[in-house]
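Before any comments, here is the structure.
The values are calculated or read from the model by the stated rules, or taken from the named source; none is laboratory data. Source: prediction; values computed, not measured. So basically every Cβ, Gly included, is an ideal-geometry build from the backbone, and we count neighbours across all protein chains shown. Heads up: the accessible areas ignore ligands, DNA and RNA and are worked out on the full protein's heavy atoms, side chains in. Shrake-Rupley method; radii C 1.70, N 1.55, O 1.52, S 1.80 Å.
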Amino acid sequence: MTDRKRLRVQELSVGFRIPGALVQAVSEATFEVRPGRCLALVGESGCGKSVLAHALLGLLPDNATVSGQAWLEHGGEPVELVGASQAVLAERVRGRAIGLIPQSPATHLTPVRTARAQLQEAVRELGSRATADDLAARYGLRPHELDRYPHELSGGMAQRVANAIALAGDPWLVLADEPTSGLDRPLVDRAMATLRELCDEGRAVLLITHDLRAAERVADDLAVMYASRLVEVGPVAEVLGRPRHPYTSGLVAAQPDRAFVPIPGLPPELTRLPEGCAFRSRCGHETERCAAPPPMDGGVACHHALEDRHA
Ligand SMILES: Nc1ncnc2c1ncn2[C@@H]1O[C@H](COP(=O)(O)OP(=O)(O)O)[C@@H](O)[C@H]1O
Ligand SMILES: [Mg+2]
């Protein structure tokens, strides 16, 4: 895994046409993921995180319109994921360059086939050198556990099967979409430790989560998303230690181990995003400048970035 590998996402936008409206799910997202690093994408439910991940893998439904670019550089000719055909994505990207650990492994697995059958299928399709048993052992499953059907697996085991399937093709980039939803703390810790190991062996990880605490423990970098848009990006310790966007600051303050004060109000509907800053009505720092869209500048998209407060 060399440093020449990277994913470079530029102004990626996704809209969904629904009867009488357009859902603006992702707006001009720009970020990079590199081997050996974990980027956590955080934000409240419904802000566009999963749609962004699915756009990178060409897994969006027909009513989606995608614009922008996502360059997958991995030695040789880079692949631009937004414009790539389904054939290219299937043959060169999904499972091989990018592995997806899905949001709820238990429901993602086919109910009528054993874990082993599903893992073997991935091994076969991806031409993996490792066997199903190798992969199972590597991700903490005992051989007999592979002979279970999905409903016979605990949450933690289903998670490990999903990891083994996602990694069967030895992808250098792993997308983990809320990999810990429904797991209790010890299993969350374990799943996070696995993601960190994947980074430490030279893979890149894009971790999607609404769990700031988990992000803080495992990620190197943080991207904060609000109402379809990235509002703050930077090293995780800086972003959470000295948040500059009022939304990030609100998210941090809402944590149980902090002030535990929720941000007042609700995010706007993605069918009716305001022209300027989408956070301004909840912010407390709003001025007339906020009616214009704040550009992303030095890692923060806010006309009143909170620098002064921390000076
Ligand atoms: N196929 C679709 N058609 C219309 N809207 C969709 C579709 N898929 C997702 N959305 C909307 O896109 C927005 C972002 O969803 P999602 O990325 O799943 O949020 P999250 O940040 O919780 O992962 C939500 O408002 C969701 O309702
Ligand atoms: Mg999601």
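Summarising the strand pairing of the stretch 111-264, around 55 percent of its internal DSSP beta bridges are antiparallel.
Taking every protein chain into account, the 1.4 Å probe leaves Glu28 with about 100 Å² of accessible area, to the nearest ten. Result for the chain in a Gaussian network model with C-alpha springs under 10 Å: among Arg94, Arg196, Arg17, the largest mean-square fluctuation is at Arg17. The string of couplings for the stretch 269-280 from the Karplus curve (6.51, -1.76, 1.60, θ = phi - 60°) is 5, 6, 8, 9, 6, x, 4, x, 5, 6, 9, 4 Hz, one whole number per residue in order, with x for Gly and Pro.
Label positions at Arg217 and Gln10, each projected 7 Å from the Cα along the C-beta direction, are separated by 3.8 nm. Restricting the count to DSSP beta bridges whose residues both fall in the chain, what percent are antiparallel, rounded to a multiple of 5? Of those bridges, close to 60 percent are antiparallel.
Please report Rg over Rh for the stretch 172-311, where both radii come from the alpha carbon positions and Rh follows the Kirkwood definition.
Reported Rg/Rh, Kirkwood definition of Rh: 0.99.
In the chain the Cα-Cα distances spread across 10 Å bins starting at 0 as 6, 26, 33, 24, 9, 2, 0 percent of all pairs.
When the trypsin sites (Lys or Arg not before Pro) in the stretch 120-164 are filtered for DSSP coil states and for at most 12 other beta-carbon atoms within 10 Å of their beta-carbon, the remaining sites are Arg129.
Can you give the direction-averaged projected area of the convex hull of the alpha-carbon atoms in the stretch 30-104, in nm²?
6.0
Looking at the chain, the accessible area is 47 square angstrom per residue; that uses a 1.4 Å probe and ignores ligands, DNA and RNA. Considering only Ala278, Ala291, Ala115, the Gaussian network model of the chain with Cα springs below 10 Å gives its largest mean-square fluctuation to Ala291. For the stretch 225-300, the orientation-averaged shadow of the C-alpha convex hull comes to 5.3 nm² (one quarter of the hull surface).
Please check which bits of the stretch 156-173 a label hung off Asp184 would reach, taking the label as a point 7 Å along Cα-to-C-beta and the cut-off as backbone N under 18 Å. Within reach of a label on Asp184: 156-160. Its Cα gyration tensor gives the stretch 99-213 an equivalent ellipsoid, and the semi-axes of that ellipsoid, as √(5λ) in whole Å with the largest first, are 20, 17, 12.
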